[in-house]
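The numbers here are math on the coordinates, done by the rules we state, and not lab data. Everything numeric here is computed off the predicted structure, so don't read it as measured data. Cβ coordinates were reconstructed from backbone atoms using ideal geometry, including for glycine residues, and neighbour counts include every protein chain displayed.
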Amino acid sequence: MSALHISVSPEVIGHLGAIPITNSLFTSVLTVLVLLFISYKVNQQKPDKKDGKRGNWFLIFEMIIEGFYNFFQRIAGNRTDRLFPLLFTFFLFIIISNWIGLLPGVGSIGFYEQSHGSFIPLLRGPNADLNTTLALALISVGMTQYLSIQSLGLKIYVNKFVNFKNPITFFVGILELISEFAKILSFSFRLFGNIFAGEVLLVVMFFLIPLLVPIPFLVLEIFVGFIQALVFTMLTTIFIVVATEKHH
């Protein structure tokens with residue numbers, strides 16, 4: 001690249017009929033394909049019924065899944081069996097999305113638009129797009145509300161937000177309702193802000209000093225990507241646990 005290119009919004013790289021395909025959406029599809037490939041390899045190396053042998057892929061993921069299951073069990077308790085598939089899927093998608101945005105070529109390989117002559121990257125980190133993080137936040141908060149209704153019942157759930165017993169409970173209910181919408185903004189902007197800022201930092205460093213100096217920043221962003229995936233998943237777990245507990 002002859003010039004530094006930074007864009008907050010994702011760029012359109014093509015169309016599927018009338019639907020625009022952005023570079024972040026394209027990278028999200030690649031992330032899903034990576035997850036499907038890992039699932040295929042792990043499933044392929046399940047213990048053999050005859051000799052019980054396990055492949056390396058299976059052993060690695062067995063240790064990872066067991067470690068995370070024990071970690072989430074400390075927060076969710078007896079709800080872990082039910083919540084773990086959702087929580088671990090969140091974690092895997094977010095961490096791979098974060099790390100795939102750090103690969104060489106992401107943000108630097110692309111083409112120049114003929115009409116304006118501006119550079120369009122072919123790939124962009126999925127979580128460096130607010131649309132992706134907003135979708136994840138909506139799924140997280142939506143599942144929290146669904147599980148809360150399923151656990152408490154519709155009447156108790158509604159009473160959390162609309163309660164006319166006295167002015168205090170009514171005011172607290174309004175605050176609870178506002179806090180649920182605030183979670184969506186908090187989730188989406190926290191993840192987007194951290195990942196986008198990290199990718200901008202790396203782009204600037206590689207543009208100014210393309211040799212060994214940016215490597216420590218790359219290592220830092222790998223760690224940040226892991227922490228952000230863990231924080232998103234932990235907060236989802238905590239919110240679900242709180243929302244499904246009966247309060248007296």
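Viscosity 1.306 mPa s, temperature 10 °C: give me the Stokes-Einstein translational D for region 42-176 in µm²/s, with Rh taken as the Kirkwood radius over C-alpha pairs.
Stokes-Einstein gives a translational diffusion coefficient of 81 µm²/s.
Along each of its three principal axes, how wide is the spread of alpha-carbon positions in region 81-147, in whole angstrom units, largest first?
On the principal axes, region 81-147 reaches 51, 23, 10 Å in Cα extent.
What percentages make up the Cα-Cα pair-distance distribution of the chain when the bins are 10 Å wide from 0?
7, 24, 28, 22, 13, 5, 1
I'd like the distance between the alpha-carbon centres of region 112-152 and region 160-195, rounded to an integer number of Å.
21 Å
Around E11, under 13 Å between beta carbons, what's the net of Lys plus Arg minus Asp minus Glu among the other residues?
Its environment carries a net charge of -1.
Counting helices only, and only those DSSP H runs with n ≥ 4, report the 222 nm mean residue ellipticity of the chain as the sum of -39,500 (n - 2.57) divided by its residues, in deg cm²/dmol to the nearest 500.
It lands at -23500 deg cm²/dmol.
Might you report the magnitude of the Cβ-based charge dipole of the chain about its Cα centre, with Lys and Arg at +1 and Asp and Glu at -1, to the nearest 20 debye? Write down the numbers at each step before the final one.
Working: 16 positive and 13 negative charges, 178 e Å.
In total the dipole reaches around 860 debye.
Sort L87, L130 so that the residue with the fewest other Cβ atoms within 10 Å of its own Cβ comes first and the one with the most comes last.
L130, L87
What ranking of K46, K165, K160 emerges when the number of other C-beta atoms within 10 Å of each C-beta is taken as an exposure proxy, fewest first?
Ordered by Cβ neighbours within 10 Å, fewest first: K165, K46, K160.
If packing is taken as the average count of other Cβ atoms within 10 Å, what order do 235-245, 118-128 fall into, highest mean first?
Highest mean packing first, the order is 118-128, 235-245.
In a GNM of the chain with a 10 Å cut-off on Cα contacts, which of T132, T169, T89 has the highest mean-square fluctuation?
Looking only at T132, T169, T89, the biggest GNM fluctuation is shown by T169.
In the Gaussian network model of the chain, springs joining C-alpha atoms below 10 Å, which of M63, M143, M234 carries the largest mean-square fluctuation?
Result: M63 has the largest fluctuation of those listed.
Whole percent per 10 Å bin, from 0 to the bin with the longest distance: what is P(r) over all C-alpha pairs of region 158-248?
14, 30, 22, 16, 11, 6, 1
Among I168, I75, what is the fewest-to-most ranking by other Cβ atoms within 10 Å?
Final ranking by Cβ density, sparse to dense: I168, I75.
As an exercise, use a Förster radius of 30 Å and the Cβ-Cβ distance of L30 and F71 to find the FRET efficiency, rounded to the nearest 0.05. Could the numbers behind the result be given before it?
Working: r = 28 Å, r/R0 = 0.92.
In this case the efficiency is close to 0.60.
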